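Structure, as structure tokens:
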Amino acid sequence: MEEDVDHRVPVLIVGGSLVGLCTSLFLGRHGIRHMLVEKHSGTSKHPRGRGINVRTMEVFRVAGVEEAIRQAASVLADNHGILQGGSLTGDDQEWLFKEIDAGGAIARFSPSTWCLCSQNDIEPVLMAVTPTLGADLRFSTELLSFEQDDTGVTALVKNRETGEHSRVRADYLVAADGPRSPVREQLRIGQSGPGDLFHNVSITFRSRGLAEIVGDRRFIVCYLTKPGADGALLPVDNEEKWVFHAPWHPDEGETLEEFTDQRCADHIRRAIGAPDLDVEITGKAQWHAAERVARHYAVGRVFLVGDSAHEMSPTGAFGSNTGIQDAHNLAWKLAAVLEGAAHPRLLMTYEAERLPVARATSERASARSAEHSHPGYAPALGAAPGAAPGAAPGAAGGRPGGVLSVAMGYRYTAGAVVGGDTEQPVVPEQMRLAGDPGSRAPHMWLRRAGERISTLDLYERSFVLLSAEGTRWGRAARRAAARLDMRLEAYEVGTGPDAGLLPEEDGGDWAEVHGTTPEGAILVRPDGFVAWRSPKGEADPEPVLYEVLSALLGRTGE
């Protein structure tokens, strides 16, 4: 369909906040040209969305930005744990947990670890990288409308500085336009879930005296529970910049205008328990905690990611991480289709995989708010049955639905997976990353050409097949991939001269770690999730692999 348009791009991203910029990063890493439009003039100036979980840091590691993000987050590198008390000056504080990885469990599962980096710090890092990867970033540019047909999407956008209107033609549109998503509304996609949970006003302020009161208590957040002065205190630099989340009750007629600088300063002093504390209010922003999940993640050629697809209680920092992982899941599939390797049917697996994850994660986020008695949260609105107040976060081998299991142990029981166990829950009761189809591939340390890498470093731009040195799998995989004209890397693991990957001596047997045998093989998707696994050898593995790859790419029957 020929149209008179101003710009043609394979993908148009609507929304340039954290998830939109991550979508741009991941598409760029796959070599997909795209345009991003954002109605605001720049990135976030307000510190929010700070917790980056282990799985997201793994994604950033492979995308080449992990170290830059850690550098941007260095001022809070020593902050751990959640503190709770009536005030900061009384004797009733207790640590809900003091270390996020006190037992060192994360190192068994991942080459990365969690990071505390505010959105206003991480977004400039992404902004510096994505234009070098073929991104056309257009801030102060608003989506006015869009229409889609069988071959693409035509969008009308407006430059808010000049008033100029432009028509953009894209093969696909990705909506990262927030919880009130105009794109989702135009698509008439409804939402499920309890809805609003609580409302806060996020107040930024300066105080030199507060650092002395806090002392050496390097917390991520402190929940202050004094009646009439409750809220959450978050450090920005541990010295003079801070954030305070004060409960707001619009359902009772309370307006934002009532949160004057004086009222905010007085509330902060009462909450901390220091009536003479120096407090200079520097900014305010409303935010709403909610549990909602879109009933569909796509209509035709338009896809939802991040807050446009789901809203979650902030406790546990699940929301932004889930959104980033939405983008990571969608990006490789868009790339495969746009490059001609996959049938567009592959894109249907985006909703099949990510929607159940969002539902399970949003429920866990609300339960965690109840466990931590988050200020302003009413457990009756969304807490899980039996939630224990004050419970510490789960880790590997911990209680069902522990934080680590939710963050990186979730699995895709349906979608672009062959041989997955559809009877398994999306979030397992115990942490398990053992090569099961649909789960994140296991981490183990290897040597490749003398360089120490994690198996996870292998997975980004192509499918990867791992097999033992001397088997027929590698050559067969390359032949099958060539027939399908798709990207695939095949590595032989062993200690001999023909092995491309050498396991470290104390890293365990690679086949056992991946749940297969020395005669078998494992196939991993570009996003690091196991696509298929075989525990046995094949006299002629090429037909088997051709059939598996065809099914994964939606090309069965070709």
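Counting the residues of segment 51-78 that are at pLDDT below 95 and under 12 Å from the mean Cα position of the chain (by Cα) gives 4.
Quick one: count up the residues across segment 81-92 that are touching a residue at least 40 places away in the same chain (Cβ under 8 Å) and either hydrophobic (A, V, I, L, M, F, W, C) or not in a strand (DSSP E or B) (or both). Steps first, answer last, please.
Within segment 81-92, the first condition is being touching a residue at least 40 places away in the same chain (Cβ under 8 Å), and the residues that meet it are 81-90.
Retained after the next criterion (residues that are either hydrophobic (A, V, I, L, M, F, W, C) or not in a strand (DSSP E or B) (or both)): 81-83, 86-90.
Matching residues across segment 81-92 total 8.
Which residues, taken from segment 225-248, are touching a helix residue (DSSP H, G or I) at 6+ places or on another chain (Cβ under 6 Å) and of a type in the set (G, A, S)? Selection gives A229, G231, A246. Beta carbons closer than 8 Å, at least 6 apart along the sequence or on distinct chains, pair a first residue in segment 114-142 that is farther than 29 Å from V406 by Cα with a second that is acidic (D, E) and part of a strand (DSSP E or B) for L137/E38; R138/E38; F139/E38; S140/E38; T141/E38.
Yes or no: segment 490-504 includes at least one residue that is closer than 22 Å to T349 by Cβ and of a type outside the set (V, I, T). I'd like the intermediate steps shown before the answer.
As a first pass, look at segment 490-504 and keep what is closer than 22 Å to T349 by Cβ: none.
Checking segment 490-504: not a single residue is closer than 22 Å to T349 by Cβ and of a type outside the set (V, I, T).
Specify the residue that is farthest from V299 (Cα to Cα); the eligible residues are those in segment 181-197 that are buried (at least 19 other Cβ atoms within 10 Å of the Cβ) and in contact with a helix residue (DSSP H, G or I) (Cβ under 6 Å, 6 or more places away or on another chain). Checking each candidate, the answer is L197. Starting from segment 222-237, take each residue that is more than 18 Å from D91 (Cβ to Cβ) and assigned to a loop (DSSP other than H, G, I, E, B) and list its partners that are open to solvent by 40 Å² or more (accessible area, probe 1.4 Å) and not small (G, A, S), counting only C-beta distances under 7 angstrom and pairs at least six apart or across chains. Here the result reads D237/V75, each pair linking segment 222-237 to a residue that is open to solvent by 40 Å² or more (accessible area, probe 1.4 Å) and not small (G, A, S).
Residues in segment 71-80 that are part of a helix (DSSP H, G or I) and surrounded by fewer than 20 Cβ atoms within 10 Å (Cβ to Cβ): Q71, A72, S74, V75. In the set (1) charged (D, E, K, R); (2) surrounded by fewer than 17 Cβ atoms within 10 Å (Cβ to Cβ); (3) modelled with pLDDT of 95 or more; (4) over 27 Å from G195 (Cα atoms), E239 fails one condition alone, (3). Taking the conditions exactly as written (among the small types (G, A, S), under 23 Å from Q186 (Cα atoms) and either open to solvent by 50 Å² or more (accessible area, probe 1.4 Å) or out of contact with any Asp or Glu (no Cβ under 8 Å at 6 or more places or on another chain) (or both)), does A327 satisfy them or not? Considered against the rule, which asks whether it is among the small types (G, A, S), under 23 Å from Q186 (Cα atoms) and either open to solvent by 50 Å² or more (accessible area, probe 1.4 Å) or out of contact with any Asp or Glu (no Cβ under 8 Å at 6 or more places or on another chain) (or both), A327 comes out as yes.
Inspect all residues belonging to segment 484-497 and state whether any of them is closer than 30 Å to T56 by Cβ and polar (S, T, N, Q). Walk me through it before giving the result.
Here is the first cut: in segment 484-497, the residues closer than 30 Å to T56 by Cβ are 486-491, 493.
Subset that is polar (S, T, N, Q): none.
Within segment 484-497 (the criterion being closer than 30 Å to T56 by Cβ and polar (S, T, N, Q)), the answer is no, since none of the residues qualifies.
Scanning segment 420-456 for residues that are over 23 Å from R354 (Cβ atoms), assigned to a loop (DSSP other than H, G, I, E, B) and either hydroxyl-bearing (S, T, Y) or open to solvent by less than 10 Å² (accessible area, probe 1.4 Å) (or both) yields one hit, M444. Is it the case that some residue within segment 524-537 is without any contact (Cβ under 8 Å) to a residue 12 or more places away in the chain, surrounded by fewer than 20 Cβ atoms within 10 Å (Cβ to Cβ) and not aromatic (F, W, Y)? Within segment 524-537, none of the residues are without any contact (Cβ under 8 Å) to a residue 12 or more places away in the chain, surrounded by fewer than 20 Cβ atoms within 10 Å (Cβ to Cβ) and not aromatic (F, W, Y).
Anything in segment 523-558 that is under 25 Å from the mean Cα position of the chain (by Cα) and outside any helix (DSSP H, G or I)? List them, or say none. Full working, then the answer.
Going through segment 523-558, the residues under 25 Å from the mean Cα position of the chain (by Cα) turn out to be 523-532, 552-553.
Once the filter is applied, which keeps residues that are under 25 Å from the mean Cα position of the chain (by Cα) and outside any helix (DSSP H, G or I), segment 523-558 yields L523, V524, R525, P526, D527, G528, F529, V530, A531, W532, L553.
Here is a yes/no grid of residues against (1) surrounded by fewer than 17 Cβ atoms within 10 Å (Cβ to Cβ); (2) part of a loop (DSSP other than H, G, I, E, B); (3) among the hydroxyl-bearing types (S, T, Y):
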site: F146; (1), (2), (3): no, no, no
site: E161; (1), (2), (3): yes, yes, no
site: V174; (1), (2), (3): no, no, no
site: P179; (1), (2), (3): no, yes, no
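Listed by first and then second residue, the pairs with beta-carbon distance under 9 Å, at least 6 apart or on different chains, first residue in segment 163-177 and closer than 13 Å to V5 by Cα, second open to solvent by 30 Å² or more (accessible area, probe 1.4 Å) and acidic (D, E), are H165/D6; S166/D6; R167/E3; R167/D4; R167/D6; V168/D6; R169/E3; R169/D6. Is it fair to say V11 is out of contact with any Cys (no Cβ under 7 Å at 6 or more places or on another chain), crowded, with 16+ Cβ neighbours inside 10 Å and outside any strand (DSSP E or B)? No.
Would you check if S110 is among the small types (G, A, S) and surrounded by fewer than 20 Cβ atoms within 10 Å (Cβ to Cβ)? Criteria not met by S110.
The set of residues in segment 457-478 that are part of a helix (DSSP H, G or I) and either of a type outside the set (A, V, I, L, M) or more than 19 Å from L446 (Cα to Cα) (or both) comprises D457, W473, G474, R475, A476, A477, R478. Of all residues in segment 271-299, those that are crowded, with 18+ Cβ neighbours inside 10 Å and without any contact (Cβ under 8 Å) to a residue 60 or more places away in the chain total 2. The single condition among (1) surrounded by fewer than 17 Cβ atoms within 10 Å (Cβ to Cβ); (2) of a type in the set (V, I, T); (3) under 30 Å from the mean Cα position of the chain (by Cα) that I203 does not satisfy is (1).
The values are calculated or read from the model by the stated rules, or taken from the named source; none is laboratory data. None of the values given here were measured: they were computed from a predicted structure. Glycine also receives a Cβ, built like all others from the backbone with ideal geometry; neighbour counts cover every protein chain displayed. Remember, those area values only see protein heavy atoms, side chains included, never the ligands or the DNA or RNA. Shrake-Rupley method; radii C 1.70, N 1.55, O 1.52, S 1.80 Å.
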